[in-house]
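Here it is, the structure in full.
The values are calculated or read from the model by the stated rules, or taken from the named source; none is laboratory data. Small disclaimer: the values here were computed from a predicted structure and weren't measured. Because the Cβ atoms are built from the backbone with ideal geometry, glycine has one as well, and the counts that use them run over all protein chains shown.
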Amino acid sequence: MSGTALAAGCLACAALLAVMAVSRRRPRRRLRRLTGHDPATVDRAPVGESARTPTSRRLDRIRLAAALAGVAVAVLVEGWPGVVAALVTAVLLDRQLRRIEPPAVRNRRLRAAADLPLAADLMAATLRAGAPVERSVIAVADALGGPLADRLRRVGRTLQLGGLPQEAWAHLAEVPGGQRIATAAVRSASSGAALAGALVRLADDLRADRVTTIEAAARRSGVLIVLPLGLCFLPAFILAGLVPVIVAVLGDVL
């Protein structure tokens, strides 16, 4: 096997492992779904081997993909420069792959952000009905469901156990827009101001921000779609328009 073929094989294996590590599609999750076990309960397990195995497996795949890419670079670039380039490639690729957000995590984050305005309205309604904050949060979590409900339950349980508002509402910090609700709740707990009105205003602001984000994404997709169209039409234009002219001119000259 030549060096080029070996490098191509290493790069192909590295690309496959990188895609598998980022996508996190595992046959065991499908098996649990078919057998009736909820895979989300396994992912949320705080302790145990089942909670640590997916992460460690993903990290191993990323490391192996980076190592294979480094081997490919070392094969293509011979000598000590190839060794140095291989090490640099492996380290940089490992870091870049770890920064990519897995689709499952991204989907949970986007779903939590989409449910946040409704959760704010529901909490405002329960607070106006006279329920305390911790019971309101848990009631909304039970009615809402989804990834945002898990964070709201943590907030409510922390408040029920006597935790500080800053500590309790910090569970919403990773949700887009959740920091604004957490800030309003902490300010209400410290000053005694009504939280229901602030939650209603925040819900309206979050919906407006979501509409703005969707419109911006739609405009951006219209711009990005020009690139593949250009890549498709430009070679056709060159072959159909310029190449016959060049061939005719060269034929007259020769």
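Inspect all residues belonging to segment 144-151 and state whether any of them is outside any helix (DSSP H, G or I), of a type outside the set (D, E, K, R) and over 22 Å from the mean Cα position of the chain (by Cα). Give the derivation first.
Just the residues of segment 144-151 that are outside any helix (DSSP H, G or I), to begin with: 145-146.
Subset that is of a type outside the set (D, E, K, R): 145-146.
Subset that is over 22 Å from the mean Cα position of the chain (by Cα): none.
Looking through segment 144-151, none of the residues is outside any helix (DSSP H, G or I), of a type outside the set (D, E, K, R) and over 22 Å from the mean Cα position of the chain (by Cα).
Among the residues of segment 205-227, count how many are in contact (Cβ under 8 Å) with a residue 40 or more places away in the chain and either in contact with a Lys or Arg (Cβ under 9 Å, 6 or more places away or on another chain) or exposed (fewer than 13 other Cβ atoms within 10 Å of the Cβ) (or both).
Within segment 205-227, residues that are in contact (Cβ under 8 Å) with a residue 40 or more places away in the chain and either in contact with a Lys or Arg (Cβ under 9 Å, 6 or more places away or on another chain) or exposed (fewer than 13 other Cβ atoms within 10 Å of the Cβ) (or both) number 1.
Right, next: Given the condition within 30 Å of the chain's Cα centre (by Cα), among the small types (Gly, Ala, Ser) and in a helix (DSSP H, G or I), answer yes or no: does some residue in segment 223-239 qualify?
yes
Filter segment 121-142 for residues that are without any contact (Cβ under 8 Å) to a residue 60 or more places away in the chain and among the charged types (D, E, K, R) and give the result.
GLU134, ARG135, ASP142 - these are the residues of segment 121-142 that are without any contact (Cβ under 8 Å) to a residue 60 or more places away in the chain and among the charged types (D, E, K, R).
For segment 201-222: of the residues being closer than 30 Å to LEU122 by Cα and among the basic types (Lys, Arg), which is farthest from the chain's Cα centre (by Cα)? Before you say what the answer is, go through the steps one by one.
From segment 201-222, those closer than 30 Å to LEU122 by Cα are 201-218; that's our starting set.
Still in the list and also among the basic types (Lys, Arg): 201, 207, 210.
On the way: ARG201: 28, ARG207: 21, ARG210: 17 Å.
Residue satisfying both the conditions and the ranking: ARG201.
Any residue that is touching a Leu at 6+ places or on another chain (Cβ under 8 Å) and modelled with pLDDT of 85 or more - is there at least one of those in segment 213-225?
no
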